[in-house]
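The values are calculated or read from the model by the stated rules, or taken from the named source; none is laboratory data. Bear in mind the structure is a predicted one, so any value in this text is a computation, not a measurement. Here the Cβ is made from the backbone with ideal geometry for all residues, glycine too, and neighbour counts use every protein chain on show.
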Amino acid sequence: MQFSHSLTVACALAVMLSATLNAIAGPAREAARPAIMGYGVTLNETEAQRLKDGGWTLILSGEGDLDLLHQHGLRSLLRSGLLTPETLDDPAKRAELDEFIARVKDHPALSMYWIVDEPNASRFEALGRLLSYLRERDPAHPGYINLFPTYASNEQLGTQGDVVTAYQEHVRRFIDEAHPDYLSYDHYHFAAGGLDRDQYFLNLALIRRAALDSGLPFLNFIQACTWTRSMREPNSNELRFLTYTSLAYGASALAHYTYSDRGPHTGCPVTAEGEATALWHGMKRSNHEFLAIREQLQPLTSLAAYHVGMIPPGATELPADQPFTLDPPVARTDYTPPEPLQGMLLGYFGRSNEPTHVVVVNLDYRRSATTTVVGPGPLEVFNASRREWLPGSDGSRALLRLQPGGGMLLRLRR
């Protein structure tokens, strides 16, 4: 009986997600697909199956990996040395690019084309020309470009001003000049000594706003290792924090920097010898929960992201008289970076500016938390592991027990 109910829910969700994606045309349809990207992967049969089991869905890979990825139900973020604006200025190279696109565009594993990481604004027009060229020859698969974080310098960004001014201009120019189908950025939060950088939520908020204004989905490229003395190796609780805060702010996809130990990168989910670490096993659960919750949110719009407790730079405090609140209320406390954050995050989702769903996140990644969500009507709580909705504990009130850095999705009962 339980299996039959779960199968019915899964089938209904598949139909809803398919209808949502089918309503989106061209490359934007592929870009809107919920995904977990594997970056820095050494592909073979064993690793492909482990990626699939762990919830990774989109793998940075080469043309020779497409068949292997398809065999394991994975998709490719495809890289090639031909995918540069300079190729278009060389007739011989452009002909090679045309042949490359013709070979791969109908492969069932292809998802997107990897173009470049962290370009300066001076390159946006040229990159836009390449993206347009790709659309003409393969309208189903977008080009992927990853942007700098807020802590990049004016020189790196190619724009001027304070942190917010320079970054907003950088993202605005990228959208206006490159005309992307997707927004992606990286931001690495966990510094050495148990300290945290102070711009993580500022960056999330700026990208979320730009994504909503432009109608583009966005990906958050999050930290999964260390590569320098100034950064620490994150643990499973900290990766859960990054996963659920990204969800609450409306991210459609995640990527992890990086998947396996190599060179200066250590503390990754997979060792240089190819062994899965404790971090991998923690990320497996977080990955599957992200995908399950994101599929539920896919037909909806991110309406707001509100904080209670400590209010970090760039964050918005929960206003009074909101439809979803916490009981008891969480008092505002001073936030002194680089200390780790405490408090709660409520991400509102719905249609036509009417919140019907909320992602509630425990921002303390060192301790579990218990809270009660109060809604404007009877509530249901989503069990992400089983992918099913369950009644709230008491009508319009739902008692939540949240893991360190963890979260849950709730909705008004239909």
If you check residue 208 against the conditions, is it modelled with pLDDT of 95 or more, closer than 30 Å to residue 85 by Cα and under 13 Å from the mean Cα position of the chain (by Cα)?
yes
Give the residue that is nearest to residue 338 (Cα to Cα), with candidates limited to residues of the stretch 292-318 that are in contact with a Leu (Cβ under 7 Å, 6 or more places away or on another chain) and hydrophobic (A, V, I, L, M, F, W, C).
310
Within the stretch 162-172, can one find any residue that is within 26 Å of residue 72 (Cα to Cα), modelled with pLDDT of 95 or more and over 23 Å from the mean Cα position of the chain (by Cα)?
no
Any idea which residue in the stretch 269-320 is surrounded by the fewest Cβ atoms within 10 Å (Cβ to Cβ), counting only those that are free of Cβ contacts under 8 Å to residues at least 24 places away in the same chain and assigned by TED's automatic domain parsing to the domain that holds residue 373?
320
Taking only pairs six or more apart or across chains, which ones have beta-carbon atoms under 9 Å, a first residue in the stretch 136-161 that is in the same structural domain as residue 197 (by TED's automatic domain parsing) and under 20 Å from residue 177 (Cα atoms), and a second residue that is among the aromatic types (Phe, Trp, Tyr) and part of a loop (DSSP other than H, G, I, E, B)?
142/182; 143/182; 144/182; 145/182; 149/188; 156/148; 157/148
Is it the case that the stretch 208-218 has a residue that's aliphatic (A, V, I, L, M) and closer than 24 Å to residue 260 by Cβ?
no
Residues that are surrounded by fewer than 16 Cβ atoms within 10 Å (Cβ to Cβ) and of a type outside the set (S, T, N, Q), drawn from the stretch 117-128
117, 118, 125
Filter result for residue 151 (of a type in the set (Ser, Thr, Tyr) and crowded, with 22+ Cβ neighbours inside 10 Å)
no
In the stretch 43-58, what residues are under 20 Å from residue 110 (Cβ atoms), in a loop (DSSP other than H, G, I, E, B) and touching a Ser or Thr at 6+ places or on another chain (Cβ under 9 Å)?
43, 57
Return yes when residue 338 is under 28 Å from residue 199 (Cα atoms), in contact with a strand residue (DSSP E or B) (Cβ under 7 Å, 6 or more places away or on another chain) and either modelled with pLDDT under 95 or assigned to a loop (DSSP other than H, G, I, E, B) (or both) and no when it is not.
yes
Working only within the stretch 256-268, note down all residues that are surrounded by 21 or more Cβ atoms within 10 Å (Cβ to Cβ) and either in a strand (DSSP E or B) or among the β-branched types (Val, Ile, Thr) (or both).
256, 258, 260
Starting from the stretch 218-240, take each residue that is of a type in the set (Lys, Arg) and surrounded by fewer than 23 Cβ atoms within 10 Å (Cβ to Cβ) and list its partners that are outside any helix (DSSP H, G or I) and modelled with pLDDT of 95 or more, counting only C-beta distances under 6 angstrom and pairs at least six apart or across chains.
232/190; 232/226
I need a count of the residues in the stretch 121-132 that are touching a residue at least 40 places away in the same chain (Cβ under 8 Å) and in contact with a Gly (Cβ under 9 Å, 6 or more places away or on another chain).
5
Report the residue count in the stretch 71-85 for those that are touching a helix residue (DSSP H, G or I) at 6+ places or on another chain (Cβ under 8 Å), part of a strand (DSSP E or B) and either aliphatic (A, V, I, L, M) or modelled with pLDDT under 95 (or both).
1
So which residues in the stretch 316-335 are under 19 Å from residue 208 (Cβ atoms) and assigned to a loop (DSSP other than H, G, I, E, B)?
318, 319, 322, 324
If you take the residues of the stretch 93-120 that are of a type in the set (Lys, Arg) and in contact (Cβ under 8 Å) with a residue 24 or more places away in the chain, which of them is nearest to residue 172 (Cα to Cα)?
105
Condition first: surrounded by fewer than 17 Cβ atoms within 10 Å (Cβ to Cβ), of a type in the set (A, V, I, L, M, F, W, C) and under 18 Å from residue 252 (Cα atoms). Now tell me which residues in the stretch 176-217 satisfy that.
212
Inside the stretch 357-386, can you point out the residues that are farther than 11 Å from residue 409 by Cβ and either of a type in the set (Asp, Glu) or under 25 Å from the mean Cα position of the chain (by Cα) (or both)?
362, 363, 364, 365, 366, 367, 368, 369, 385, 386
